[in-house]
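Let me begin by presenting the structure, written as structure tokens, before commenting on it.
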Amino acid sequence: GDETGRRFAQALGLAQARGVQVRVLVDGVGELLWRPRGAPLLRKHGVRVARFFPPKLLPPMLHINLRNHRKLMVVDGRCAFTGGMNIGDHHFAGRNSGRPSSDMQFQIRGPAVGQLAQVFAEDWQQSTQEVLEPVCGNQAPAGAAWCRAITDGPNDRIDRLQMLLLAALANAHHRVHIMTPYFSPTPDLVGAMQSAALRGVEVCVILPQRSDQPWMDAAARRWMMQMLEYPLRFYLQPAPFAHTKFLVMDGYYTQVGSANLDTRSLRLNFELVLETYDAELAGSLQKHFDTVRSGSHEVTRDELRSRPLARRLLDSACWLFSPYL
């Protein structure tokens with residue numbers, strides 16, 4: 001609903017006016033947190049918009065934990081964009097915003113675009129019962145990267161994203177570097193990170209020094225204090241708040257997308273991750289990781305243990321309720 005949102009809605013409306021089929025799907029709960037709301041703004045510009053699992057009283061549908069956290073745009077079946085970026089003024093460093101943040105978005109071309117288009121089509125059908133016609137044919141490869149889209153959500157019988165992370169940690173030989181805005185892992189993931197570190201893999205996580213959710217920062221501090229008993233490394237990145245999420249392993253394997261390293265993303269949200277095997281992309285992300293790490297503060301266990309008792313108790317309370325945050 002800010003200036004960026006209004007400009008984006010206007011651009012979509014102009015595309016619709018010149019004959020482009022435009023469909024926008026917004027999270028039914030997340031949309032309620034913003035004023036003015038996105039759906040009425042988009043409809044004002046003539047854009048077809050739907051809400052994913054909106055809360056309702058009649059018939060009762062109050063599944064406020066079932067959130068569509070995917071960020072996805074597909075254009076003409078030729079290219080797609082995914083990552084962690086939301087559409088708002090806070091992503092523009094030069095614009096006056098009370099809560100500036102940084103993020104990463106990725107452009108995809110080639111056969112993987114068809115996979116991403118299918119993800120949107122399935123979510124759209126879930127929300128509207130409208131079946132979208134496929135717009136992607138058998139596209140030729142657009143580069144050297146091998147990649148595929150991975151979806152996860154509470155409707156799946158297996159935790160795909162967690163299994164993907166566990167497999168990456170189990171197969172790493174040298175390093176696993178992770179950047180995430182929130183850190184509240186599952187016990188299985190904690191065990192895999194500790195096991196990798198004990199066999200000599202450099203497991204390193206960069207978190208923001210201060211996120212937009214103070215309770216998650218507190219829970220992360222408690223997790224770090226527990227995990228720093230092992231040869232793991234954690235860094236806190238100074239402002240602006242980094243909403244970026246990716247994993248890079250051994251210089252050839254990456255995971256990028258919408259999922260955070262927390263229980264909500266791994267168990268409750270509908271998420272989208274693109275995994276790739278490509279030395280060029282891995283090298284680019286590794287370079288970014290190293291640059292950020294050089295300007296970040298490394299956390300030590302002694303530092304966390306020396307915090308005042310009241311602070312440590314608060315961290316523990318947030319850690320206790322972290323599966324529900």
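The values are calculated or read from the model by the stated rules, or taken from the named source; none is laboratory data. Everything quoted here is computed from the prediction, not taken from an experiment. Note that we place each Cβ from the backbone using ideal geometry, even for glycine, and neighbour counts take in every protein chain shown. These accessible areas exclude ligands, DNA and RNA; they are computed on the full protein's heavy atoms, side chains included. Shrake-Rupley method; radii C 1.70, N 1.55, O 1.52, S 1.80 Å.
With the chain treated as a Gaussian network of Cα nodes joined by springs under 10 Å, which of G110, G153, G200 yields the largest mean-square fluctuation? For the chain, modelled as a Gaussian network with Cα springs under 10 Å, the answer is G200. Computed over the chain, the per-residue total of -39500 (n - 2.57) for DSSP H runs of n ≥ 4 gives a 222 nm mean residue ellipticity of -10500 deg cm²/dmol, rounded to 500. Pull out a ≥ b ≥ c, the square roots of the eigenvalues of the alpha-carbon gyration tensor of segment 201-244, then state rounded if a/c is under 1.5, prolate if not and a/b is larger than b/c, and oblate in the remaining case. It is oblate, given that a/c is not under 1.5 and a/b is not larger than b/c. The accessible surface of segment 175-325, taken with every protein chain in place and a 1.4 Å probe, is 55 percent carbon and sulfur.
Using the Kirkwood radius built from alpha carbon pairs, what does the Stokes-Einstein equation give as D for segment 155-200 at 37 °C and 0.692 mPa s, in µm² per second? Can you show the working numbers first?
Values: Rh = 11.5 Å.
Stokes-Einstein gives a translational diffusion coefficient of 285 µm²/s.
Classify segment 120-175 as rounded, prolate or oblate, taking a ≥ b ≥ c as the square roots of the eigenvalues of its Cα gyration tensor: rounded when a/c is under 1.5, otherwise prolate if a/b is larger than b/c and oblate if not. Cα axes put segment 120-175 in the oblate bin. Note that segment 253-325 presents 50 Å² accessible area per residue, ligands and nucleic acids not counted, probe 1.4 Å.
What per residue convex hull volume, in Å³, do the alpha-carbon atoms of the chain yield? Could the numbers behind the result be given before it?
Numbers: hull volume 49.3 nm³, N = 325.
Considering the Cα atoms of the chain, their hull volume per residue is 152 Å³.
Under the convention that each Lys and Arg Cβ holds +1 and each Asp and Glu Cβ holds -1, the size of the dipole of the chain around its Cα centre is about 800 debye.
With every protein chain kept in the model, how would you rank S195, S296 by accessible area, 1.4 Å probe, largest at the top? List each step's numbers first, then the result.
Details: S195 60, S296 20 Å².
Sorted by accessible area, descending: S195, S296.
Of the GluC sites (Glu not before Pro) found in segment 222-290, those that fall in a DSSP loop while having at most 12 other beta-carbon atoms within 10 Å are E229. R293 sits with roughly 50 Å² accessible to a 1.4 Å probe, with DNA, RNA and ligands left out of the calculation. By the Stokes-Einstein formula, at 0.890 mPa s and 25 °C, segment 175-290 with its Kirkwood radius over alpha-carbon pairs has D equal to 169 µm²/s.
Could you order V131, V26 by accessible surface area, starting with the largest, using a probe radius of 1.4 Å? Numbers along the way, then the final one.
Numbers: V131 100, V26 30 Å².
The ordering from most to least exposed comes out as V131, V26.
Accessible-area rank, largest first, for V47, V135: V135, V47, with all protein chains present and a 1.4 angstrom probe. Based on the reciprocal of the average 1/r between different C-alpha atoms, the Kirkwood radius for segment 110-236 equals 17.5 Å. The residue list L232, I178, G283 was ranked by how far each Cα lies along the charge dipole of segment 174-325 toward its positive end, using unit charges on Cβ atoms, and L232 comes out on top.
Take the Cα of F321, step 7 Å toward its Cβ, do the same at N171, and the gap between the two points is 3.9 nm.
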